[in-house]
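S.K.: Pasting a structure below so you can have a look.
The values are calculated or read from the model by the stated rules, or taken from the named source; none is laboratory data. Worth saying up front: this structure is predicted, and the values here are computed from it rather than measured. Every residue, glycine as well, gets a Cβ built from its backbone with ideal geometry; the counts of neighbours run over all protein chains shown.
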Amino acid sequence: MSEILLNVQGLFVGYGEVPVLRDIHMDIRRGEIVALVGSNGAGKTTLLRALSRVLAGTGKITFDGHDLTHLTPDQGFALGLVQVPEGRQLFDQMTVFENLMMGAFRRRSKGAIHATLESVYALFPTLYERRTQRAGSLSGGEQQMCAIGRGLMATPKLLMVDEMSLGLAPVIIDQLLEVLSTIRKQDVTVLLVEQDVFAALEVADRGYVIETGAVTQSGTALELTESPEVKRAYLGI
Amino acid sequence: MEQALVVSTMQLLSQILVNGVLLGGLYALMALGLALVWGVLNIVNLAHGALIMLGAYVGYYLFTLLNIDPFLALPLSMAVLFCVGYLLQRGILNLIARAAMFNTLLITFGIDVVLTQLAQIFFSADFRTINPSYAGSNFMVFGVTLPLVRVLAFVVALALTIALWLFLLHTRLGRAIRATAQNLGAARLYGVEPKAIYALTFGLGAALAGGAGDLYGVVSQINPYIGATLTAKSFAIAIIGGLESPLGVVVGGIFLGVVESLTALYIGPTFVDIASFGILVLVLIFRPNGLLGATT
Ligand SMILES: Nc1ncnc2c1ncn2[C@@H]1O[C@H](COP(=O)(O)OP(=O)(O)O)[C@@H](O)[C@H]1O
Ligand SMILES: [Mg+2]
């Protein structure tokens, strides 16, 4: 088994006085796709915010050998902890190319940036075709591609994708899941955050189920897909 | 006889239009800094005119004390005002970036009052003008008189506008400025530091004001109180042209310049400001996104 990239131990997070996450434990290994699934309001985005240090909490987070607890969001980002936010959050008035380049804002080497850009265009040929179009004019699926591409431009070690499938057609979701499998082979570890439990578990190696702020189940994707509790909770069987 | 009258009327009209366009180029440069700061920081900077006034005095003193030609002094004036703007932003305005509009109006109004008072104390209330040896030179094109300094000021103003446009469109920092304006949260997520971007943007806005002030001192008279009217005109142009692109601001500036020239000729010079702000009100009512902006 490959080494552990992200380790979360006993994490508690809240907004002001309101506690949201309780005693979260989680491991992500290098090269894995890990799904974090749970219904709306379960606390998935809150966990991502805590991982990217936008929200403080108690507990221990170790990323790639660094103790994240005392780092700022910028420092976490510099270590390769990159988020593709819920709702895409593109720069709507800017072109696809410019959106992608904003992902590389902190990088200085022109040659290396260009190489990453080429690889993003190779993953998403549509983005290349639409590179001079305003991001706001793209379809939902294309916007999600652009958001993922922008994340990849930051050369993440861990790419955290929040609600990738929201509002997209099943065909498009399959395409995007395919891409995640491809980038995993290119040394990018993926944390896939989804309400769409079964879509996420299709490509994930392992998964965590989170309900009202606590992890209720974890295991391999197969175990979770077969689990009666998961089926009952998310399929209504 | 009648034909001669038509010809001379045509000539007068072209002269007025040319005057208006030349003035409008400078107006556009004045408004550009205001529009930039407004669009990115969501601050309507009521001290913008005072910054233009300071730029004019920098040009004036460089010319009278050090004998530096005002067009050569332009980069210096811009550099000084960039520093003033950068420090104002870091020191005071960072506290209110993206705050409620009313707070920003109040604070920038305060800055305007302070700068105007300081200017009155240090520079006196006397009218001044930057008067290089070639200030009175004209040349004629198709029977229209072109004052040399106005043409130069127009060309420089346009060049600066284009330079800003290219900077915003094609550089890493320019992109970051636009990205911050469009989606602050996402920009932050990708390592943009808003405070640095805001200070840079405000510095740029002030530098443009400094450049515009230096040019204004060449084509017109200056005193510590010119700021208020210039802020108001810049505001009008920004509204007319919209905040989206420098092109809109250029169109707005030239539009205002032409309207003012026509008003001065056909209605009377005292009505110039009434006409320009009348148009502002009409635009606000009928095309709130600017003349070029989308209709909603
Ligand atoms: N900014 C916030 N301030 C206060 N409470 C919040 C905030 N954002 C989310 N919450 C609350 O935290 C809980 C978890 O929300 P969230 O992490 O967004 O869930 P999910 O991403 O799983 O849908 C919800 O009860 C939500 O109401
Ligand atoms: Mg969420």
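S.K.: Consider A:D205 against the criteria (1) more than 16 Å from ligand 2 (Cβ to nearest atom); (2) in contact (Cβ under 8 Å) with a residue 40 or more places away in the chain; (3) out of contact with any Asp or Glu (no Cβ under 6 Å at 6 or more places or on another chain); (4) not aliphatic (A, V, I, L, M): it satisfies all of them except one. Which criterion is unmet?
M.R.: Just one mismatch for A:D205, condition (3).
S.K.: If we keep just the residues of region B:284-296 that are more than 19 Å from the chain's Cα centre (by Cα) and surrounded by 11 or more Cβ atoms within 10 Å (Cβ to Cβ), which is modelled with the highest pLDDT? Give the derivation first.
M.R.: Keep residues of region B:284-296 that are more than 19 Å from the chain's Cα centre (by Cα), which gives B:284-289, B:293-296.
Filter once more, keeping what is surrounded by 11 or more Cβ atoms within 10 Å (Cβ to Cβ): B:284, B:287-289, B:293.
Values: B:L284: 78, B:R287: 71, B:P288: 68, B:N289: 67, B:G293: 60.
Of everything passing the filter in region B:284-296, B:L284 is modelled with the highest pLDDT.
S.K.: Any idea which residue in region A:47-75 is surrounded by the most Cβ atoms within 10 Å (Cβ to Cβ), counting only those that are away from chain B (no Cβ under 12 Å) and in contact (Cβ under 8 Å) with a residue 60 or more places away in the chain?
M.R.: A:L47
S.K.: I've got another one for you. Kindly check whether there is at least one residue in region B:243-254 that is in a helix (DSSP H, G or I), surrounded by fewer than 19 Cβ atoms within 10 Å (Cβ to Cβ) and away from chain A (no Cβ under 14 Å).
M.R.: Yes, that holds for at least one residue.
S.K.: When you go through B:G191, B:G110 one by one, which is the residue that is within 14 Å of another protein chain (Cβ to nearest Cβ) and either assigned to a helix (DSSP H, G or I) or free of Cβ contacts under 8 Å to residues at least 24 places away in the same chain (or both)? Quick ask: steps written out before the conclusion?
M.R.: On the way: B:G110 fails: within 14 Å of another protein chain (Cβ to nearest Cβ).
Exactly one residue qualifies, and that residue is B:G191.
S.K.: Picking from A:A78, A:A115, which residue would you name as being surrounded by fewer than 22 Cβ atoms within 10 Å (Cβ to Cβ) and within 13 Å of chain B (Cβ to nearest Cβ)?
M.R.: Only one candidate qualifies: A:A78.
S.K.: State yes or no: is A:H66 more than 17 Å from the chain's Cα centre (by Cα) and modelled with pLDDT under 95?
M.R.: Details: more than 17 Å from the chain's Cα centre (by Cα): yes; modelled with pLDDT under 95: yes.
Yes.
S.K.: Can I ask one more? Restricting to region A:91-106, give me the number of residues that are more than 7 Å from every other protein chain (Cβ to nearest Cβ) and either within 19 Å of the chain's Cα centre (by Cα) or among the hydrophobic types (A, V, I, L, M, F, W, C) (or both).
M.R.: Of the residues in that region, 5 qualify.
S.K.: So, B:G174, is that one away from chain A (no Cβ under 14 Å) and either surrounded by fewer than 15 Cβ atoms within 10 Å (Cβ to Cβ) or touching a helix residue (DSSP H, G or I) at 6+ places or on another chain (Cβ under 9 Å) (or both) or not?
M.R.: no
S.K.: Hey, among the residues in region A:186-196 that are more than 14 Å from ligand 2 (Cβ to nearest atom) and touching a residue at least 60 places away in the same chain (Cβ under 8 Å), which one's farthest from A:D64 (Cα to Cα)?
M.R.: Selected residue: A:Q186.
S.K.: Let me ask something else. Condition test on A:L123, is it without any contact (Cβ under 8 Å) to a residue 60 or more places away in the chain and either crowded, with 22+ Cβ neighbours inside 10 Å or out of contact with any strand residue (DSSP E or B) (no Cβ under 8 Å at 6 or more places or on another chain) (or both)?
M.R.: For A:L123, the condition - without any contact (Cβ under 8 Å) to a residue 60 or more places away in the chain and either crowded, with 22+ Cβ neighbours inside 10 Å or out of contact with any strand residue (DSSP E or B) (no Cβ under 8 Å at 6 or more places or on another chain) (or both) - is not met.
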